Each structure stands twice: as structure tokens, then as C-alpha cells.
1. Can you list residue pairs whose Cβ atoms sit under 7 Å apart, with the first residue in region B:122-143 being of a type in the set (Val, Ile, Thr) and the second being surrounded by fewer than 16 Cβ atoms within 10 Å (Cβ to Cβ)? Count only pairs 6 or more apart in sequence or on different chains.
2. Go through region C:50-80 and report how many residues are closer than 30 Å to residue C:9 by Cβ, facing chain D (nearest Cβ under 7 Å) and either in a loop (DSSP other than H, G, I, E, B) or of a type outside the set (Ser, Thr, Tyr) (or both).
3. Do you know which residues across region A:12-30 are touching a strand residue (DSSP E or B) at 6+ places or on another chain (Cβ under 7 Å), open to solvent by less than 80 Å² (accessible area, probe 1.4 Å) and at negative phi?
4. Would you say residue A:92 is in contact with a Gly (Cβ under 9 Å, 6 or more places away or on another chain), of a type in the set (A, V, I, L, M) and open to solvent by 10 Å² or more (accessible area, probe 1.4 Å)?
5. If residue C:128 meets every condition in (1) within 11 Å of another protein chain (Cβ to nearest Cβ); (2) farther than 24 Å from residue D:21 by Cα apart from one, which number is that one?
6. Of all residues in region D:93-108, which are over 21 Å from residue D:21 (Cα atoms) and either assigned to a strand (DSSP E or B) or of a type outside the set (Gly, Ala, Ser) (or both)?
7. Any idea which residue in region C:31-49 is farthest from the other protein chains (Cβ to nearest Cβ), counting only those that are surrounded by fewer than 22 Cβ atoms within 10 Å (Cβ to Cβ) and over 13 Å from the mean Cα position of the chain (by Cα)?
Number of protein chains: 4
Amino acid sequence: MDLRPRDHNWETRVRDSFSAQNFMAFIGARLVHLAPGGVDLELDLGPDLTQQHGYFHAGATSSIADSAAGYAALTLFPPEAGVLTSEYKINLLNPADQPVLLARGRVIKPGRTLTIARSDVYGLDDGTQVHVATGLFTLMSVSGVKD
Amino acid sequence: MDLRPRDHNWETRVRDSFSAQNFMAFIGARLVHLAPGGVDLELDLGPDLTQQHGYFHAGATSSIADSAAGYAALTLFPPEAGVLTSEYKINLLNPADQPVLLARGRVIKPGRTLTIARSDVYGLDDGTQVHVATGLFTLMSVSGVKD
Amino acid sequence: MDLRPRDHNWETRVRDSFSAQNFMAFIGARLVHLAPGGVDLELDLGPDLTQQHGYFHAGATSSIADSAAGYAALTLFPPEAGVLTSEYKINLLNPADQPVLLARGRVIKPGRTLTIARSDVYGLDDGTQVHVATGLFTLMSVSGVKD
Amino acid sequence: MDLRPRDHNWETRVRDSFSAQNFMAFIGARLVHLAPGGVDLELDLGPDLTQQHGYFHAGATSSIADSAAGYAALTLFPPEAGVLTSEYKINLLNPADQPVLLARGRVIKPGRTLTIARSDVYGLDDGTQVHVATGLFTLMSVSGVKD
């Protein structure tokens, strides 16, 4: 699997695009790791992000899983191409009420048009790590869309 | 398909649970339709909910799709059972930059343990309706969890 | 949604391609309905197609769901493009032990590169119809591949 | 993750159940590895299993992916419980025209009612290995069903 970036400016491009995702700032997600084919995001549990039982809402969990997968794909795109999520599937494995969620997006299969990535979400609590969710994402490379 | 509620208090229960989903209030989602096996939610486009190109973030779209599916399932649950999303898959069909998103959650197959629902999300703009996303959701009935 | 074929020869092309899918002949699937954006396949229950409890194996159910979705997409492709399944998700709703399975593939969103289709599988038994499975499929148009 | 079998007879039970899956024998699948939480199946490319371009039909690929995941789950079930696939999602990563397909089913999250497993399918050809497909599966434990 070839994980060499095709844009020498890939790191700045991903950071700038992440900064421009208002929804990520709104929910409080942080970009904590960035490498060719791999992006990690973190999110703190807070009262705004919960469902009715006090756990992270599946929507919050999925949102960082999706952005981690999308940016993992974008690290490998050529300069003139933007990224869109075409589809994804996620399994919610354990209730997520840990103080921090970590989403690890990793490219499984890079491609010219479609890139497939996995995202695993872990709940971090005082040295322990719980597998909260796992998902598969299809990301599309869209020419002429600035990212 | 039997869509008769097993809890005579189903409507109040769903409304109360939706009100307790802080994440729905945080992103601004509204419960606009409620029937046995069917729940509709709406969400206004605002600067907080966008991805880097100004469209609704897939996470926001998925969040209301998920809650609509989950509450569609909950309308059919017995009094002592709560609802958790086990897994879902969503296809993002068109860019979503309309002023309002409408998620229609509909039960496909009710069940004692697992309920399967579909959620379709539409972008509403001045009388037109664009099919923004479609998803399949597996909802789990969890005994002894208040909802 | 525009469901006009872009190949005046679409019907012959789909029938010829279906005939060339050896696996469909091997399991005994029949093409029973063909229209722009919609294809139905049928399959008889027989001892070769079962899992350990005597029901249709999920693999058999999925196989006709996949081919129905793929050919529903192909009806809309231009002459020089072939079809490949990129991914799918399927929910198995009820045990399938009816004499005949019917898979209805329907295009939800046609596209130049990606076409999204739904496939619903029903078990037919003496006038009754059971919803056996529902799935979402992403089909890819591949230029220069004969179909 | 606890991968200890709850049935001391798990190995015989899985082998017997696999032998009773007629569809696996029909397509020629072999059980080549068996461990608690992990099952590998192999399938030879032959003229009966192809789609219209001569590759393995996605239905054949998915069928062994599904059975590998299902039996990986069954290795961990108590004696009186059978396994049913509730749903799955699969991404087809590369065309599969290698002489042998290998499906590796691995439990990600065991559970009393639902078990989540991953299945990765590889095409094997003269020492090389191509990643053909990856999928996520939800398996259900059904009490009182012989397996």
C-alpha cells in the first residue's frame, strides 16, 4: 500500500482544512496526530455532547470518526483535489462516557477516485482505553474543490 | 408489520427523551413529527454545523438521521426499555447546503431485541426537496434503562 | 431523479451481462424484471443454497441483492462503461425459508462515477410476501470495461 | 477482550455446523483455521464463481466473509446458542481474480446477545497477497437454536 503524499504541502493543507470545519470547532474536536494515511482526533466529554443517558451521542462519536477518516484520506490526495465522504458504516461497541474520545482514522486502500479508510474510536480514562466504535468509510476525491 | 405502541405513554416518553438529548439541543435539532414507528427531525443550516466547503458536516446530517431512527424505534418499545444505536450505515447522496435539513426515521422491522429503521434526510429550500442522505440503522432495546 | 438510459441498447446489454455472470447461473438466479433504474431477480430455495438451519444462506440472499442493484445501475450507464460493486450493507430482517426469493434492485441516486441503489429481498410463499433483507449499494461506473 | 470459549465442545460444534452449511460446500469453501474468536475459510477460483468480467462475484467473496465472521462468533457462544447474521457491510477493495480467496473472520467485540466481527478477504497468488475486501458483521446469539 502506497502511503506517499502526492502534495508536498499536505500537512498544512490538512491542518487548514480541519480549522475550516466549523462543526469540529463547535463540538470541541482537536487534531492530535497527523501522518500520511493517518489522522487522530480527540474530543472531551461535556454536557453538550450527550444523549439521554449521559453518554456521548452516537452523532458526536461518528462525527470525529468521519473527520478522522476523511483527513486520513486527504493526506494522500493531489494538490487540486478535495475530499467528500461518500458513505460510511459504524458499529457502536461500548457505551462512551469516558472523559476523552480518541478517533484514529487510517487509510486501508488509497485510490485515484475512491479511498477506503477505517476509523476506530476509543474512550480514554486514566490510562485505560475502551473500544467505543469501529467504522468503514468511503472517501471521494473531488477535483477542483479547494480543501 | 405491527406498528402498535406497547407503551400507552409512548408520545410523552419520546418527547421527554428527545429533550434530554443535550446534543440535539446543542446543534439545534427540532422534533417536528411523531407517530408510531416514525419520527421526523429538522435542523437549520448555521455557521456552526458546516464542514470546510460550507455544507452541513456529515456528522450533523448523520446525527439527526440517527436520532430520528432511534426515536422511531423507541415509539414501539415497552415502558421499561431504553434505546441504543447498535450500528448504522449512511450514504451521503448530495451536498447539503439547503437552509433546512429534514430527517425522516421510519421503522422497517420492529423486534423484541433489535429494531431496524431507515432514515432519509432531505434538504429543504423554498419548496424544493433534495435527497441528501439515506441510512439503515440497527436499534437495540435495552431493558431497565430509563428513556 | 433522471432515470433515462444513456445507451439505447441498455436492455440487451444488461441481459447479456447477466447471462455472463456464471455465479448467477450457478446458484440458479433468474432475471424476471428489467426497467431503467430497476431490476428484479428471483431464486428458488434448494438444498444447495442453505445455511446450517435450512434457511437461505445470507451469502445467497446477498448475492442476488447485489446483482439486482448492480444491474439496476447498469441500465443507466453509457455504452462504454461497466459496473463494479464498490461496497454494500445489508440487514437480514427475517429468516428466509420461503420457496422463492425476489430481489428488487432500485437506483436511488444515479451518478457519473457512483450510483447508489437499494435492494429489497422478499420471500414469496403462496401469495404471501416476507421482507427478508434490505440493503444499500454503491456501484461504480468503470470506463472501458465491457459489460 | 475475553476470547475464552464458553462451550468446551466449541471446536466440534463449529466444524459440524460448517459441514451443515450446504452453501459453503456448494461453492467449495474450506475451513482452514479455527481458534477462539477467529476462523479462516478458503475458496478456489473456478468458472462457477465469477461475475461478468471473470472475477470472483461479490456474492462469493461476501459469502465466505460472512461465514468466517459468523463462525468466529460461534466459537465463543454458550452450548445452547446458535448464530445468525443480523447485518453486515463490506467494501470491495480490489478485483479478485487470484487462484485462492482467504477470508479471515475475527471477533472485535464479543457479547451476550450481539457479537461484532471483522472479516478481511485476501486473494492469494503464488506468494503474494492482495487485500480484496474488508467487512464488519453483527452476529446474533439465538438461544435454543442448534448449531
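The values are calculated or read from the model by the stated rules, or taken from the named source; none is laboratory data. Computed from a predicted structure; not experimentally measured. Note that each Cβ is placed from the backbone with ideal geometry, even for glycine, and that neighbours are counted across all protein chains shown. Accessible surface areas use protein heavy atoms only, side chains included; no ligands, DNA or RNA. Shrake-Rupley method; radii C 1.70, N 1.55, O 1.52, S 1.80 Å.
1. none
2. Of the residues in region C:50-80, 1 are closer than 30 Å to residue C:9 by Cβ, facing chain D (nearest Cβ under 7 Å) and either in a loop (DSSP other than H, G, I, E, B) or of a type outside the set (Ser, Thr, Tyr) (or both).
3. A:14, A:18, A:22, A:23, A:27, A:29
4. On the way: in contact with a Gly (Cβ under 9 Å, 6 or more places away or on another chain): no; of a type in the set (A, V, I, L, M): yes; open to solvent by 10 Å² or more (accessible area, probe 1.4 Å): yes.
Here the answer is no, as residue A:92 does not meet what is asked.
5. The single condition residue C:128 does not satisfy is (1).
6. D:93, D:94, D:95, D:97, D:98, D:99, D:108
7. C:36
A quick yes/no check of all residues on (1) facing chain D (nearest Cβ under 10 Å); (2) open to solvent by less than 50 Å² (accessible area, probe 1.4 Å); (3) within 16 Å of the chain's Cα centre (by Cα):
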site: A:102; (1), (2), (3): no, yes, yes
site: A:124; (1), (2), (3): no, yes, no
site: A:134; (1), (2), (3): yes, yes, yes
site: A:139; (1), (2), (3): no, yes, yes
site: A:145; (1), (2), (3): no, yes, no
